[in-house]
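A.B. asks: Structure below; questions to follow.
We did not get these values from a lab; they are worked out from the coordinates using the rules stated. Keep in mind that what you see is a predicted model, and the values were worked out from it rather than measured. No Cβ is skipped: glycine too gets one built from the backbone with ideal geometry, and neighbour counts run over all protein chains shown.
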């Protein structure tokens with residue numbers, strides 16, 4: 001049970017694969033949830049899973065000090081669901097909201113140099129290049145079958161659902177809510193506009 005007055009952040013990533021959630025208390029993850037579906041989270045499922053996660057983590061909604069939400073890229077519907085849920089929670093609780101690019105959050109988590117890649121549905125991915133966690137390019141959509149050639153020779157951090165495409169050429173991550181929450185903890189003043197990208 002969180003009894004003192006630490007910073008307690010709820011992380012929400014609802015736009016990539018089955019989505020993920022986490023709770024950070026003073027920088028430590030005290031609870032997490034990762035969706036098993038290949039589809040983005042629906043609003044009603046997201047709220048149910050948030051309630052369950054807070055209960056398992058022994059955190060009351062009133063103890064949250066910030067909600068950190070992914071601003072994309074990912075499913076168009078998933079991004080909107082996550083942002084709307086975060087805005088509803090922060091508005092109702094009177095707390096702060098942070099919006100972060102999942103690509104930037106993943107790169108910043110390890111001062112990554114190379115490519116960061118997430119799926120956005122229909123055989124498409126979005127990737128971005130970084131140097132020591134700093135963006136070196138704009139996010140760009142790409143057919144998943146072209147990823148290996150496009151990222152050849154670069155270190156890659158990618159969502160685990162891309163393992164069949166990238167094989168052993170990448171470091172894979174499933175819980176995307178955790179880097180989103182850590183990013184918000186480190187840079188609470190930053191706020192990314194929604195990133196809606198699809199196959200061109």
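A.B. asks: How big is Rg to Rh over region 1-142, alpha-carbon atoms, Rh as the Kirkwood inverse-mean-distance radius?
C.D. replies: Reported Rg/Rh (Cα atoms, Kirkwood Rh): 0.98.
A.B. asks: How do 180, 95 rank when sorted from fewest to most other Cβ atoms within 10 Å of their own Cβ?
C.D. replies: So the residues, fewest neighbours to most, are 95, 180.
A.B. asks: Then there is this: Counting only DSSP beta bridges with both residues in region 103-173, what percent are antiparallel, rounded to the nearest 5?
C.D. replies: In region 103-173, approximately 70 percent of DSSP beta bridges are antiparallel ones.
A.B. asks: How large are Rg and Dmax for region 80-200 when calculated on the C-alpha trace, in angstrom?
C.D. replies: In Å, with Rg to one decimal and Dmax whole: 14.8, 47.
A.B. asks: Could you identify which residue out of 43, 125, 100 has the top mean-square fluctuation in a GNM of the chain using Cα springs shorter than 10 Å?
C.D. replies: 43
A.B. asks: Same structure, new question: Can you tell me the orientation of helix 43-56 relative to the chain, as the angle in degrees between its alpha-carbon axis and the longest Cα principal axis, to the nearest 10?
C.D. replies: 60
A.B. asks: Rank these for me by crowding, 182, 131, going from fewest to most other beta carbons within 10 Å.
C.D. replies: So the ranking, lowest neighbour count to highest, is 131, 182.
A.B. asks: Please report the antiparallel percentage of the DSSP beta bridges confined to the chain, to the nearest 5.
C.D. replies: 60
A.B. asks: Here is a follow-up. Give me the mean projected area, in nm² to one decimal, of the convex hull enclosing the Cα positions of region 103-173.
C.D. replies: Quarter of the Cα hull surface area: 4.0 nm².
A.B. asks: Under 10 Å, Cα contacts only: if you run a Gaussian network model on the chain, which one of 82, 74, 94 comes out with the highest mean-square fluctuation?
C.D. replies: 94
A.B. asks: Roughly how tilted is helix 76-93, in degrees to the nearest 10 and between 0 and 90, from the longest Cα axis of the chain?
C.D. replies: Here the helix axis deviates by roughly 20 degrees.
A.B. asks: Sort 146, 197, 46, 24 so that the residue with the fewest other Cβ atoms within 10 Å of its own Cβ comes first and the one with the most comes last.
C.D. replies: Ascending number of Cβ neighbours within 10 Å: 146, 197, 46, 24.
A.B. asks: Go ahead and set up a Gaussian network model of the chain, Cα springs under 10 Å, then flag whichever of 81, 118, 69 fluctuates most.
C.D. replies: 81
A.B. asks: Per DSSP H run of at least 4 residues, take -39500 (n - 2.57); add these up for the chain, divide by its residues and hand me the 222 nm value, nearest 500 deg cm²/dmol.
C.D. replies: Roughly -8500 deg cm²/dmol at 222 nm, from the helical runs in the chain.
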